[in-house]
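The values are calculated or read from the model by the stated rules, or taken from the named source; none is laboratory data. It should be emphasised that the depicted structure is a prediction, and the values quoted were computed from it without experimental measurement. Methodologically, a virtual Cβ is constructed for each residue, glycine included, from the backbone with ideal geometry; neighbour enumeration extends over all protein chains shown. Quick note on the areas: whole protein, heavy atoms, side chains included, nothing else; ligands and nucleic acids left out. Shrake-Rupley method; radii C 1.70, N 1.55, O 1.52, S 1.80 Å.
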Amino acid sequence: MNRIDARFEDLGKRGRRALIPYVTAGYPGPDATVPVLHAAVEAGADLLEIGMPFSDVMADGPVIQEACARALEQGTGLEQVLAMVAEFRRSDAHTPIILMGYANPIERRGVARFCEEAAAAGVDGLLIVDVPADEAGEMRAELARHDLHQIFLVAPTTTDARLKRAAELAGGFLYYVSLKGVTGAASLDTASLAPAVERIKAAAGVPVAVGFGISTPEHAAAAARSADAVVIGSALVKRLGQADSTAAAVAAARDYLAPIRQAMDNTASSTSNVVSA
């Protein structure tokens, strides 16, 4: 079984919402990524999303744009990203890993070659921003060949027809972009979340994760009341960028994520109590 499916199955049994932190590979330095990933797991992360640095990150705001630029300047390409995943796997065989990025670098390397290498390194799924469900084609077939899930984005503007198509093809989970904009662009509109997530759940046979605009324990708790998973990106990357050493980046990840984990767990417990009352 794919590690993403196994993890959500286990979380469902325990009534726990998944915390999915995003980090840009190679940022703030090439040596920091793997220790930060382990620190995130220690702080309560259930799945990990690793950004593959790219020069034209159209869905990302200034924080992740800067992180990608610095990572590229320091020599982090696809080969280095996969090496980081393999290094992480040497001491963690269970935490699911999703790579997030854009199609161009993968197509230049070769879709079939990249999928084979990603699976061998220990990747469990890919979220390719500019490959929507309507255009999944060759990439989806190659991912399936290696038991890799393709994660699709859906947004407040996604039509019923496109949501249905994404739900039909989705593996692992559907990622709901909670705002009309780029990562880190605005605060979460908590009032709009529950009806939006319920709409997606009605169409999907996979868990639903909420991301974009989530930066505080309160935001994460609000998202966890309806979603199966919460993705934290720009706010974490911003704190990593303020670290002046690998040790400081590890501490920043741990200190930032632990209260978010606690807030989500408190919300899950409260929700369970309400349901069973």
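If the Cβ limit is 6 Å and pairs must be 6+ apart or interchain, which residue in segment 29-51 that is of a type in the set (F, W, Y) pairs with which residue that is open to solvent by 10 Å² or more (accessible area, probe 1.4 Å) and not in a strand (DSSP E or B)?
none
If V111 satisfies every condition in (1) surrounded by 14 or more Cβ atoms within 10 Å (Cβ to Cβ); (2) more than 17 Å from the chain's Cα centre (by Cα); (3) over 18 Å from Q150 (Cα atoms) but one, which is the exception?
Looking at each condition in turn, V111 falls short on (3).
Among what's in segment 3-12 and is open to solvent by 10 Å² or more (accessible area, probe 1.4 Å) and either under 16 Å from the mean Cα position of the chain (by Cα) or at pLDDT 95 or above (or both), pick the residue that is nearest to S55 (Cα to Cα).
First, the residues of segment 3-12 that are open to solvent by 10 Å² or more (accessible area, probe 1.4 Å): 3, 5-10, 12.
Subset that is either under 16 Å from the mean Cα position of the chain (by Cα) or at pLDDT 95 or above (or both): 3, 5-10.
Working: R3: 30, D5: 31, A6: 34, R7: 32, F8: 32, E9: 36, D10: 37 Å.
Going through the qualifying residues, I end up with R3.
Might you let me know whether segment 85-105 holds any residue that is assigned to a helix (DSSP H, G or I), touching a Leu at 6+ places or on another chain (Cβ under 9 Å) and open to solvent by 20 Å² or more (accessible area, probe 1.4 Å)?
Yes, the conditions are met somewhere in segment 85-105.
What tally of residues in segment 117-129 results from selecting those that are within 16 Å of P105 (Cβ to Cβ) and buried (at least 21 other Cβ atoms within 10 Å of the Cβ)?
Of the residues in that region, 5 qualify.
When you go through (1) part of a loop (DSSP other than H, G, I, E, B); (2) in contact (Cβ under 8 Å) with a residue 24 or more places away in the chain; (3) not basic (K, R) one by one for M1, which number turns out not to apply?
The single condition M1 does not satisfy is (2).
Residue by residue through segment 130-146, note down the ones that are over 15 Å from V206 (Cβ atoms) and open to solvent by 30 Å² or more (accessible area, probe 1.4 Å).
Listed by number, the residues that qualify are D130, P132, D134, E135, G137, E138, A141, R145, H146.
Name the one entry in D244, D265 that is among the charged types (D, E, K, R), assigned to a helix (DSSP H, G or I), farther than 30 Å from L169 by Cβ and at pLDDT 90 or above.
Just a single option satisfies the conditions, and that option is D265.
Of everything in segment 56-66 that's assigned to a loop (DSSP other than H, G, I, E, B) and surrounded by fewer than 21 Cβ atoms within 10 Å (Cβ to Cβ), which residue is modelled with the lowest pLDDT?
Filtering segment 56-66 for residues that are assigned to a loop (DSSP other than H, G, I, E, B) and surrounded by fewer than 21 Cβ atoms within 10 Å (Cβ to Cβ), the one modelled with the lowest pLDDT comes out as A59.
Out of the residues in segment 85-124 that are polar (S, T, N, Q) and modelled with pLDDT of 95 or more, state the one that is nearest to G171 (Cα to Cα).
Looking only at segment 85-124, we keep the residues that are polar (S, T, N, Q), and these are 91, 95, 104.
This time we only want the ones that are modelled with pLDDT of 95 or more, so: 91, 95.
Values: S91: 26, T95: 17 Å.
Selected residue: T95.
If you take the residues in segment 155-169 that are in a helix (DSSP H, G or I) and hydrophobic (A, V, I, L, M, F, W, C), which one is surrounded by the fewest Cβ atoms within 10 Å (Cβ to Cβ)?
A161
If you take the residues of segment 106-137 that are part of a loop (DSSP other than H, G, I, E, B) and in contact (Cβ under 8 Å) with a residue 12 or more places away in the chain, which of them is farthest from A209 (Cα to Cα)?
Checked segment 106-137; the qualifying residue farthest from A209 (Cα to Cα) is G122.
Checking the condition aliphatic (A, V, I, L, M) and over 16 Å from the mean Cα position of the chain (by Cα), which residue from L48, L72 passes?
Among L48, L72, only L72 is aliphatic (A, V, I, L, M) and over 16 Å from the mean Cα position of the chain (by Cα).
Taking segment 33-55 on its own, how many of its residues are part of a loop (DSSP other than H, G, I, E, B) and touching a Phe, Trp or Tyr at 6+ places or on another chain (Cβ under 7 Å)?
Residues that pass the stated criteria total 1.
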